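Q: Structure below; questions to follow.
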Amino acid sequence: MSPKNNFSTYAPRPATLVKKEKLSDLVSLFEFEQDNGKALAHKPGQFIMLSIYGIGEAPFSVSSAPEAGNARFELAVRKTGTVTNALHDLKEGTKVGIRGPYGSYFPVQKFMGKDTLFVAGGLGYIPLRSLLRYQLKHRDEYGRIIVLLGTRNPKERIFVDRLAQLKERTDMEIHETVDVPDKNWKGNVGVITTLFPKVEINPQNTFVAMVGPPIMYRFCIGPCMDKGIPSKHIYVSLERRMKCGLGKCGHCQINGLSACVEGPVFKYDDIAPLSEAI
Amino acid sequence: MTAYTVSMEHIPPLLELWAKEYDVHVPVRDVDGFVNFSPWRPSAEIAWDYDVAYNSLKRFFLPPREDLLRFDLAASTAEPVMEAPLQLLFGVHPYDVKAINQLDQLMDQGTADVNYRKRREATVLVALTPEHVSDLAFWSSVGADSVDIGFDMYFTRISPSSFYVEVLSPKGEELLLARGELPRSTLPEREAAKRKKAAIRAKADKNGISFPWKQTPKLMSRHWDSPLWRNKARHCLSCGSCVMVCPTCYCFDVREEADLDLKGGRRFREWDGCMLPSFALVAGDHNFRPEARDRYRHRYFRKGKYIFDKIGELGCVGCGRCVNACTTGIANPMAVFNDLWEADNHES
Amino acid sequence: MAKKPKIAFFDFAGCEGDQLQIANLEEALLDLLGHIDIAAFREVHTGDTGGPYDISFVEGSITRPEDEPRVKEIRDKSKLLVALGACASIGGINCMKNHMPESVYREHVYGDKARWYPTYAARPVSAVVKVDAEVHGCPIDRGEFVRIVKELLLGRTPWIADYPVCVECKIAGNICRYDMGRMCLGIVTRAGCNACCITEGAHCWGCRGLAPHANLDAARYAMQDRAGFTREEVQDLLRMYLGFSQATL
Ligand SMILES: Cc1cc2nc3c(=O)[nH]c(=O)nc-3n(C[C@H](O)[C@H](O)[C@H](O)COP(=O)(O)OP(=O)(O)OC[C@H]3O[C@@H](n4cnc5c(N)ncnc54)[C@H](O)[C@@H]3O)c2cc1C
Ligand code: SF4
Ligand code: SF4
Ligand code: SF4
Ligand code: SF4
Ligand code: SF4
Ligand code: FES
């Protein structure tokens, strides 16, 4: 295999930050536009590597749905360190570098005609939002859409207004909970598993898309199977440290798999035997 | 494969000629007796009989620190950096060629790593049958005693003054014949080379894993929960020496540094490895391999199973470098595999 | 950057070798000066009207009771406080005195300056005030210092190596001191110096402090049981720089 031209594996291409919107104390939504005018052409669940030169590069899930001809895409990012802090400080109009999209994705074809149960813990809603918005765009190709969403506390909730709008819709259901309520919280209180008894599903006809913090998978896969959902219908997205996004740097290994190439979206059956997965 | 017979006196002028076009590196013994691949000089004395080169050769393809990008902070633009000097490595042992072949496969898998590819393509590899086997090596027991791809020429010493030289690539042929035609090897010369290879293999067979290496992945699968991991890792310094010296380990970190004027800068990669504690650390201080035991086990699973699952070979060529580098004496794939095999009562 | 950040240097007990390293930076310093405004260098006394500072570099360990209010005041006046050099970051060589009879360490560490220092266990700056970043080393590595300043100027948390010197030593391609029958603390010491002492033919004394996951039991095992050095030899080497840490216990 001989690389033609000057193609580089690690060189990002330019994109411009066009819009920034605060979603919570620590999380903001960033809308970017590719300078080449082309659509990102990602699939729901994929991620990109974002560069702020002089600061660093980090992986982020694309939170918007793919849309032909639209050079814009959204990331929702939590401030937690070097790159994410710098990103939050960027002004609209600033250029960044991007690589990708990379990794596996939710099999939207397979989900067609079936019901989808979304299980989102905290920031896990970010990649799931891409899938949700994709399905809502192609609403008649999918069956029921049920979203279970758990957040630590009301202050950390993200996409609050948009969730309120979604709750108005009659063609889908959202069940939300917080671990620890505040004075104004009127909804469900308790960890995300407390939402499972609230939903009626047809298990054989349901696919699960689940993303959350590492600990959540351990508690949520059981209840899904208890409901009778076949394990091969359960898809999870696993986050690992990533440096290259291309299966080279080794950081994202889960046993023998690379979370950046074989993942981040895995069929539960494929990772269930792996002791390092969940 | 075409083979030529090359006399000892023919070699220095040949190296001199090659050095006009290539950065030629040859095994050289230092004052303390350690052998390393060093730039060839007319005065260089080649360590023909070396047992193992102290440093592996991966640094010629995956330099310890390698620039990937030059960027401009204000414009937020970046240009790829790809350096690939023409280089010729002379005198590489088969297990080390094997290690490079593995890197080739892993770096090409999926999206090819262009920086690696370019360096690899700018390299001429000249293999050499070893004369001695390091006490710590076990390459003959892990299928790394011979190679049939990856090199351009393959030297085997068949007499004090001559070599049997197989050429594999057109480039190798061109370079070998650069000073004019050479005699094709005769049948007895070929037999002599065969005997030479068999003899060194016999020496190497004295140390090795005690079962057929293809059984290793299955063996590993049975031993995820072995007490061995904790017992050994108790002495682990998490110093990373074992992965740094390993010719088949290729993991890296990516960082960057701005120039002094804070206008431009470079992004580079640097050797990293799964034995270092923060290798699998993510936001929220969650570490997917928090204990030395987890990391130690991972490395042996990589060597004994995960790499095998990808390319059908063990991720260890048995060079023994990690065994030597580990100051607490716990890095040793052969010992680990053998211990696990014995734990299964497989010893005959 | 709209305004040039104001930077100050303060020193406590130490040899001022680190400020010397910085003064020696010459060209690099001139380039950096284009981006910074040096507000205070060396002697600044309690009650000084200077400040506030964007970045204060504090050199030297805290060895006298009266050092405490002074370093607290510097902290109050500084947006970012950076400990500069082994004395400030890990207590450094000054902590040798914690393990020696007073008369010995006074002569040994301070020479004729000994009389200035009343008894008080030497401690790193971080034992007294919050430290935002540490520039390790005795002396500091100039390249690393410049990089850390650049990173602070770009508004990012400086990258500090969190693995042992062995990594950089292998990167440098050195022959391990243990292969030469010598002792070396690179196995437990924080990297960042490019293993310079080993590259130059010496061994690592541990001047950059313990790496975050240093396994001292394993290190003792390597040095005593495997390499055959005596308990005393090992102890002496460990005490040189790692006095304030758990290494000598
Ligand atoms: C596939 C994938 C998708 C992700 N999607 C999102 C998203 O949509 N929104 C979001 O806010 N975050 C997302 N993350 C997490 C995000 O990548 C990390 O928060 C980010 O890398 C931290 O970088 P930093 O420079 O700000 O932090 P650093 O200063 O580098 O470190 C802060 C913390 O982050 C950890 N960290 C460093 N590098 C990585 C890395 N490459 N991957 C994971 N953790 C790392 C460090 O161990 C440390 O604990 C995703 C991660 C992955 C792997
Ligand atoms: S694991 Fe050890 S013996 Fe095997 S190839 Fe790597 S360094 Fe050599
Ligand atoms: S053994 Fe560890 S360091 Fe080596 S290649 Fe595998 S994951 Fe990377
Ligand atoms: S196994 Fe040995 S060489 Fe590897 S990290 Fe542990 S102590 Fe260091
Ligand atoms: S010389 Fe010291 S730093 Fe270098 S590898 Fe050996 S122990 Fe580690
Ligand atoms: S090698 Fe050791 S003693 Fe030398 S500068 Fe580095 S950390 Fe300090
Ligand atoms: S991110 Fe580098 S291998 Fe997956």
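The values are calculated or read from the model by the stated rules, or taken from the named source; none is laboratory data. Please read these numbers as outputs of a predicted model, since none were measured by experiment. Methodologically, a virtual Cβ is constructed for each residue, glycine included, from the backbone with ideal geometry; neighbour enumeration extends over all protein chains shown. To get the accessible areas, we keep the full protein, side chains included, count just its heavy atoms, and leave off ligands, DNA and RNA. Shrake-Rupley method; radii C 1.70, N 1.55, O 1.52, S 1.80 Å.
Q: Residues in the stretch B:262-284: is at least one of a type in the set (Lys, Arg), facing chain A (nearest Cβ under 9 Å), buried (at least 20 other Cβ atoms within 10 Å of the Cβ) and in contact with a strand residue (DSSP E or B) (Cβ under 7 Å, 6 or more places away or on another chain)?
A: Yes, the stretch B:262-284 contains a residue that is of a type in the set (Lys, Arg), facing chain A (nearest Cβ under 9 Å), buried (at least 20 other Cβ atoms within 10 Å of the Cβ) and in contact with a strand residue (DSSP E or B) (Cβ under 7 Å, 6 or more places away or on another chain).
Q: Further, regarding this structure: For C:Gly173, indicate whether it is more than 9 Å from chain B (Cβ to nearest Cβ) and surrounded by fewer than 18 Cβ atoms within 10 Å (Cβ to Cβ).
A: no
Q: Count, please, the residues in the stretch B:79-98 that happen to be among the small types (Gly, Ala, Ser) and in contact with a Pro (Cβ under 6 Å, 6 or more places away or on another chain).
A: Final tally of qualifying residues: 1.
Q: Oh, and also: Taking A:Val119 as the residue in question, decide whether it is touching a Cys at 6+ places or on another chain (Cβ under 6 Å) and crowded, with 18+ Cβ neighbours inside 10 Å.
A: Yes.
Q: Going by the conditions given, is B:Leu168 surrounded by 13 or more Cβ atoms within 10 Å (Cβ to Cβ) and over 22 Å from the mean Cα position of the chain (by Cα)?
A: No, not satisfied.
Q: Please give the helices (runs of 4 or more DSSP H) falling wholly within the stretch B:65-181 in which 2 or more residues are at the interface with another protein chain (Cβ under 10 Å from one of its Cβ atoms).
A: Correct list: B:94-108, B:114-121.
Q: Residues that are of a type in the set (Lys, Arg) and more than 18 Å from B:Pro27 (Cα to Cα): does the stretch B:158-180 have at least one?
A: Scanning the stretch B:158-180, I find at least one residue that is of a type in the set (Lys, Arg) and more than 18 Å from B:Pro27 (Cα to Cα), so the answer is yes.
Q: Here's a follow-up. Can you tell me how many residues within the stretch B:18-40 are within 11 Å of chain C (Cβ to nearest Cβ) and under 9 Å from B:Leu89 (Cβ atoms)?
A: 1
Q: Report whether or not C:Thr230 is closer than 28 Å to B:Pro64 by Cα, more than 12 Å from every other protein chain (Cβ to nearest Cβ) and either surrounded by fewer than 20 Cβ atoms within 10 Å (Cβ to Cβ) or aromatic (Phe, Trp, Tyr) (or both).
A: For C:Thr230, the condition - closer than 28 Å to B:Pro64 by Cα, more than 12 Å from every other protein chain (Cβ to nearest Cβ) and either surrounded by fewer than 20 Cβ atoms within 10 Å (Cβ to Cβ) or aromatic (Phe, Trp, Tyr) (or both) - is not met.
Q: I'd like to know if the stretch C:179-188 contains one or more residues that are open to solvent by less than 20 Å² (accessible area, probe 1.4 Å), within 19 Å of B:Ser56 (Cβ to Cβ) and among the charged types (D, E, K, R).
A: no
Q: Return only the number of the condition from (1) open to solvent by 20 Å² or more (accessible area, probe 1.4 Å); (2) away from ligand 5 (no atom under 16 Å from the Cβ); (3) of a type outside the set (Asp, Glu) that B:Ala258 does not satisfy.
A: Checking B:Ala258 against (1) open to solvent by 20 Å² or more (accessible area, probe 1.4 Å); (2) away from ligand 5 (no atom under 16 Å from the Cβ); (3) of a type outside the set (Asp, Glu), the one that fails is (1).
Q: Cβ-Cβ distance below 9 Å, separation of 6 or more or different chains: which pairs start in the stretch A:255-278 with a residue that is at the interface with chain B (Cβ under 10 Å from one of its Cβ atoms) and end on one that is of a type in the set (Val, Ile, Thr) and open to solvent by 40 Å² or more (accessible area, probe 1.4 Å)?
A: If the second residue must be of a type in the set (Val, Ile, Thr) and open to solvent by 40 Å² or more (accessible area, probe 1.4 Å), the pairs left are A:Val261/B:Thr111.
Q: Go through A:Ile174, A:Ile201, A:Ile221, A:Ile229 for me and flag whichever is away from ligand 6 (no atom under 16 Å from the Cβ), aliphatic (A, V, I, L, M) and assigned to a helix (DSSP H, G or I).
A: None of the others qualify; the one that does is A:Ile221.
Q: Right, something else. So for the stretch A:34-55 (the condition being within 13 Å of chain B (Cβ to nearest Cβ), touching a residue at least 60 places away in the same chain (Cβ under 8 Å) and either of a type outside the set (Gly, Ala, Ser) or more than 30 Å from C:Glu151 (Cβ to Cβ) (or both)), does at least one residue qualify?
A: Yes, that holds for at least one residue.
Q: Filter the stretch B:308-331 down to residues that are within 16 Å of ligand 7 (Cβ to nearest atom), of a type outside the set (Lys, Arg) and surrounded by fewer than 22 Cβ atoms within 10 Å (Cβ to Cβ) and give me whichever is nearest to the other protein chains (Cβ to nearest Cβ).
A: Here the answer is B:Asp309.
Q: Could you count how many residues in the stretch B:244-255 are facing another protein chain (nearest Cβ under 9 Å) and either open to solvent by less than 10 Å² (accessible area, probe 1.4 Å) or at positive phi (or both)?
A: Residues that pass the stated criteria total 2.
Q: Hey, another quick one. Got at least one residue in the stretch B:295-307 being within 16 Å of ligand 1 (Cβ to nearest atom) and of a type in the set (A, V, I, L, M)?
A: For the stretch B:295-307, residues within 16 Å of ligand 1 (Cβ to nearest atom) and of a type in the set (A, V, I, L, M): absent.
Q: Follow-up. Among the numbered criteria (1) surrounded by fewer than 24 Cβ atoms within 10 Å (Cβ to Cβ); (2) hydrophobic (A, V, I, L, M, F, W, C); (3) modelled with pLDDT under 95; (4) in contact with a Gly (Cβ under 7 Å, 6 or more places away or on another chain), which one does C:Ile198 miss?
A: (3)
Q: Can you tell me which of (1) in contact with a Leu (Cβ under 9 Å, 6 or more places away or on another chain); (2) open to solvent by 20 Å² or more (accessible area, probe 1.4 Å) is the one B:Asn345 doesn't meet?
A: (1)
Q: Still on this structure, I have one more. Are any of the residues in the stretch B:202-215 among the small types (Gly, Ala, Ser), surrounded by 18 or more Cβ atoms within 10 Å (Cβ to Cβ) and touching a Phe, Trp or Tyr at 6+ places or on another chain (Cβ under 7 Å)?
A: Yes, some residue in the stretch B:202-215 is among the small types (Gly, Ala, Ser), surrounded by 18 or more Cβ atoms within 10 Å (Cβ to Cβ) and touching a Phe, Trp or Tyr at 6+ places or on another chain (Cβ under 7 Å).
Q: Return the residue satisfying two criteria in turn: it lies in the stretch B:41-53 and is under 18 Å from the mean Cα position of the chain (by Cα) and in contact (Cβ under 8 Å) with a residue 60 or more places away in the chain, and of such residues it is nearest to the other protein chains (Cβ to nearest Cβ).
A: By that ranking, first place goes to B:Val52.
Q: Among the listed residues A:Leu117, A:Leu163, which satisfies the condition of being within 19 Å of the chain's Cα centre (by Cα) and assigned to a helix (DSSP H, G or I)?
A: A:Leu163
Q: Kindly provide the set of residues from the stretch A:70-84 that are open to solvent by 20 Å² or more (accessible area, probe 1.4 Å) and more than 6 Å from ligand 1 (Cβ to nearest atom), ordered by number.
A: Result: A:Asn70, A:Arg72, A:Glu74, A:Lys79.
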